[in-house]
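Below: the structure, in structure tokens.
The values are calculated or read from the model by the stated rules, or taken from the named source; none is laboratory data. All values derive from a computational prediction rather than experimental measurement. Glycine gets a Cβ as well: all are built from the backbone with ideal geometry, and neighbour counts include every protein chain shown. Only protein heavy atoms, including side chains, enter the accessible area calculation; ligands, DNA and RNA are left aside. Shrake-Rupley method; radii C 1.70, N 1.55, O 1.52, S 1.80 Å.
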Amino acid sequence: DFGRSSELAFVVEPSDDIAVQEQPLLLYCQVEGIQPITITWRKNGVMIVDSENAFMLANGSLYVSRFQRVRGDGSSDEGEYDCMAQNHYGLVVSRKAKIQAATMSDFHIHPQNAVVEEGGVARFQCQIHGLPEPVILWHKNSMPVNTDNERYTLLPKGVLQITGLRAEDSGIFHCVATNIANVKFSREARLTVSGSHSTVYKDPMILVGPENLTLTVHQTAVLECIATGNPRPIVSWSRLDGRPIGVEGIQVLGTGNLMISDLTVQHSGIYVCAANKPGTRVRRTAQGSLVVQAPAEFVQHPQSISRPVGTTAIFTCVAQGEPPPQITWLRNGQILETSDHIKLKNNNSTLSIYGINQADEAIYQCLAENSAGSTQASARLTVLWADGLPSPPQGVRAETVSATTIQVSWEKPLQNTKEIIGYVLHIRKAADPVEMEYQEAVSKSTFQQLVTDLEPSTSYSFYIKAYTSRGASKASEVTVVSTLGEVPAMPSLFIKVINSTTVQATWEPSIKLGQHEGFKLYYRKVHLSQYTGPVLLASNVTAYNITHLDASVVYEVKLLAYNQHGDGNSTVRFVSLRETVERTVLNPPCDCMKDEQNNKTSTTGIIIGIHIGVTCIIFCILFLMFGYRGRLLMCKNVQEQLSTPQISRSQRSATGLVLNGATRRDRDDRDLNGKQLDMNELERLFPASPSQEQQDKGITLAHSPSAPHDETQISTLPLDEFSIIEEQPDPLPKNPRGSTPAAPAPDYGPANEG
């Protein structure tokens, strides 16, 4: 029962057919529904009047007594036929049946003579057009070809293949084409089998590959592929998209032809025939496309519905097919015209009727059609109307309150008001389609409604319905009113200092500000009361430079957007140029080339300094190693001098050492005459022995005064088995930065040996 209206529906519809010249034609049409039902027929959209040649039978079928492809007056019985059925509920139209005349043309491809060596492959072809498709059979020497011979392969399109040729295959061949319109014979062709089977190697070669085919579901496709070569190549098939061909309904004809039975849409694709040399990768390929069409069929049928007056009726009709079908809607057999309250959506799959009334009651049909066929389904809309419903509300008025608010008021209906349970206010932008309408419910004792959240400067339409438990009244008169205009919103203002006398004001693009005509820019010194401006700027301008400013004062900048309704709120910013001037004085622009050269010089100096420092350290370590050996010898001499009151300066001078690798000043050069050592000087050079803790710590070599403040310990030498004499260092120079100078190295006296 899907796709049928119980009041009126088709049981049998006319189908496509091929008629024979001068033969009768019968087109079936059977309808069920509530009587009385009237059936009529159309051809190519024109009503058929009963005549001697064509008339309707009692059961509703159409009978054509003598089908004529072309009549004497130039007319033809070929065309598209449909039947229409009508009762007091409405009218329905059947699917279109395509009627064509049976024909057969002459052969446009005849078999050709062929000379093929023994063991080779022979191929003959005939081609002829006709309706229905002619059946082609082959004759050899005027006798039907023996199809039981597996070396003989007959393809549906008029191809004869003979493999593994032998001498007895030689003969005269022709084909015979037959359909309901005629029988025709092709010209004859001679096959000559020459010589013996050759053993010369031949690369595989495809003589004929698959051709492009367009068929309908449930038909049979034959993809031809015939190959030669020595040794005989192996023929295989695959799909170009890599999907498996499958096994169900698949058959190989002869040595390599692919036959697919009971076609489906999934069989569509590009098929590749490959001829492979056995045991190698040598191959040749050919390809052809297969397109499988499917006639339109419904996935979802429209359903008959009943709706109260003023509500919305929706019919859904979903069809599929290959190619995708086009959907058309009919109302009582006529093409449905869309309007403000009748809309088609989703590629015509959905029919919506808004605010239905008695005139919308009808039978609605969905026609789905593509190149492979058509189908139809129908459904009825019943409009419910109860007696005693309220009359439409009266005196509907709408008054603008603000840019986003309108107040709607009305008066109660004149008739049947006792059963009213409430009102519904229908609201829609005047420029919007009916389906964009929305509603607000109002209690039965309220006769006004404040509608908010509207858009400024926009026209809205309003109407009212009164509702009872049995249904709604008819709609009131529609009133249209516009909201007030609105000034633009505040722009977002940003200030950027360009230099000591110029700032740049920038703001958001105008699309974010609503409807506006332009901008007004003001600025002033903060200690003054009067602004400079307004500077009028177009709506597409988003930046402006303010020049010739005083760098010593603070400025106030104000921006607002305006339109025909007035000025919007302004955005204010303050800016000072003084900081920019000070930064320019304190941080003059750098000379990048000079800085780059300085950087290169500094880097070179650091590298040279590192090399010099490493060299000095190496020399100091060598000097100290040899110096300590000399100090050990000198300490023994000092002990002897302490026991002997006098010692020559030459001896003292010979044994003296200076720490830190410095050369000792030769103060004894003035006393080369052998004077005795003064005891006070000896005490000065060798004061009292330091504490044992200091002896255990050893001696730390101090940095020169020019070294950095954070001193680095170079080496520590234990004084367990010898004592040393250290010269009193000269006073350190004053730190140039005023910091406390490093303390001089302590002046140790001779230590106890051992």
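Those residues that are open to solvent by 60 Å² or more (accessible area, probe 1.4 Å) and of a type in the set (Gly, Ala, Ser), I need them from segment 517-533; list them, please. The one that is open to solvent by 60 Å² or more (accessible area, probe 1.4 Å) and of a type in the set (Gly, Ala, Ser): Ser529. Restricting the search to segment 333-347, which residues are assigned to a loop (DSSP other than H, G, I, E, B) and over 14 Å from Gln376 (Cα atoms)? Those that are assigned to a loop (DSSP other than H, G, I, E, B) and over 14 Å from Gln376 (Cα atoms): Leu336, Glu337, Thr338, Ser339, Asp340, His341, Asn346, Asn347.
Take segment 206-246 and flag every residue that is farther than 20 Å from Val292 by Cα and open to solvent by 40 Å² or more (accessible area, probe 1.4 Å). Scanning segment 206-246 gives Leu207, Pro231, Arg232, Ile234, Ser236. Cβ-Cβ contacts under 9 Å between residues 6 or more apart (or on different chains), taken from a first residue in segment 339-352 that is outside the structural domain of Pro433 (by the TED database) to a second residue that is open to solvent by 60 Å² or more (accessible area, probe 1.4 Å) and of a type in the set (Val, Ile, Thr), are listed as Leu344/Thr338; Thr350/Ile314; Leu351/Ile314; Ser352/Ile314.
In segment 269-278, of all residues being touching a residue at least 60 places away in the same chain (Cβ under 8 Å) and assigned to a strand (DSSP E or B), the one that is most open to solvent (accessible area, probe 1.4 Å) corresponds to Asn276. Being surrounded by 17 or more Cβ atoms within 10 Å (Cβ to Cβ), free of Cβ contacts under 8 Å to residues at least 24 places away in the same chain and over 28 Å from Ser289 (Cβ atoms) is a property that Ser186 lacks. Looking across Gly249, Gly209, Gly242, one residue alone is within 30 Å of Asn370 (Cβ to Cβ) and without any contact (Cβ under 8 Å) to a residue 12 or more places away in the chain. It is Gly242. Within segment 46-58, residues that are free of Cβ contacts under 8 Å to residues at least 24 places away in the same chain and more than 17 Å from Ser76 (Cβ to Cβ) reach no partner that is among the aromatic types (Phe, Trp, Tyr) and open to solvent by 90 Å² or more (accessible area, probe 1.4 Å) with beta carbons closer than 6 Å at six or more positions or on different chains.
So if I check each of His110, His88, His129, which one is open to solvent by 90 Å² or more (accessible area, probe 1.4 Å) and either in contact with a strand residue (DSSP E or B) (Cβ under 8 Å, 6 or more places away or on another chain) or aliphatic (A, V, I, L, M) (or both)?
His129
The single residue among Ile327, Ile353, Ile305, Ile342 that is under 23 Å from Thr216 (Cβ atoms), of a type in the set (A, V, I, L, M) and at pLDDT 90 or above turns out to be Ile327. Of the residues that sit in segment 417-444 and are under 15 Å from Pro390 (Cα atoms) and without any contact (Cβ under 8 Å) to a residue 40 or more places away in the chain, which one is least open to solvent (accessible area, probe 1.4 Å)? My answer is Lys444.
Got a sec? Which strands (runs of 3 or more DSSP E) wholly within segment 64-147 have at least 3 residues that are touching a helix residue (DSSP H, G or I) at 6+ places or on another chain (Cβ under 6 Å)? Give the steps one after another, and end with the answer.
Values: elements: 79-87, 90-93, 97-101, 114-117, 122-125, 135-140.
Output list is empty.
Going by the conditions given, is Pro413 assigned to a loop (DSSP other than H, G, I, E, B), assigned by the TED database to the domain that holds Phe447 and open to solvent by less than 30 Å² (accessible area, probe 1.4 Å)?
yes
Within segment 247-268, which residues are surrounded by 15 or more Cβ atoms within 10 Å (Cβ to Cβ), part of a strand (DSSP E or B) and not hydrophobic (A, V, I, L, M, F, W, C)? Listed by number, the list holds a single entry, Asn257.
Results for (1) surrounded by fewer than 19 Cβ atoms within 10 Å (Cβ to Cβ); (2) touching a strand residue (DSSP E or B) at 6+ places or on another chain (Cβ under 8 Å), shown as yes or no for each residue.
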| position | (1), (2) |
| --- | --- |
| Ala9 | no, yes |
| Pro14 | no, yes |
| Glu32 | yes, yes |
| Pro36 | yes, yes |
| Asn44 | yes, yes |
| Ser51 | yes, no |
| Gly60 | no, yes |
| Arg66 | yes, no |
| Ser75 | yes, no |
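When residues in segment 103-128 are screened for being among the aromatic types (Phe, Trp, Tyr) and within 20 Å of Ala167 (Cβ to Cβ), 1 of them pass.
Only one entry in Tyr463, Tyr467 is in contact with a His (Cβ under 8 Å, 6 or more places away or on another chain), crowded, with 16+ Cβ neighbours inside 10 Å, among the aromatic types (Phe, Trp, Tyr) and under 18 Å from Glu440 (Cα atoms), namely Tyr463. Residues being in a loop (DSSP other than H, G, I, E, B) and among the polar types (S, T, N, Q): count how many of those fall in segment 216-246. Counting residues in segment 216-246 that are in a loop (DSSP other than H, G, I, E, B) and among the polar types (S, T, N, Q) gives 2. Within segment 358-366, is even one residue over 30 Å from Pro14 (Cα atoms) and crowded, with 19+ Cβ neighbours inside 10 Å? No - not one qualifying residue is present in segment 358-366. Restricting attention to segment 16-25, the residues that are in a strand (DSSP E or B) and open to solvent by less than 60 Å² (accessible area, probe 1.4 Å) add up to 3.
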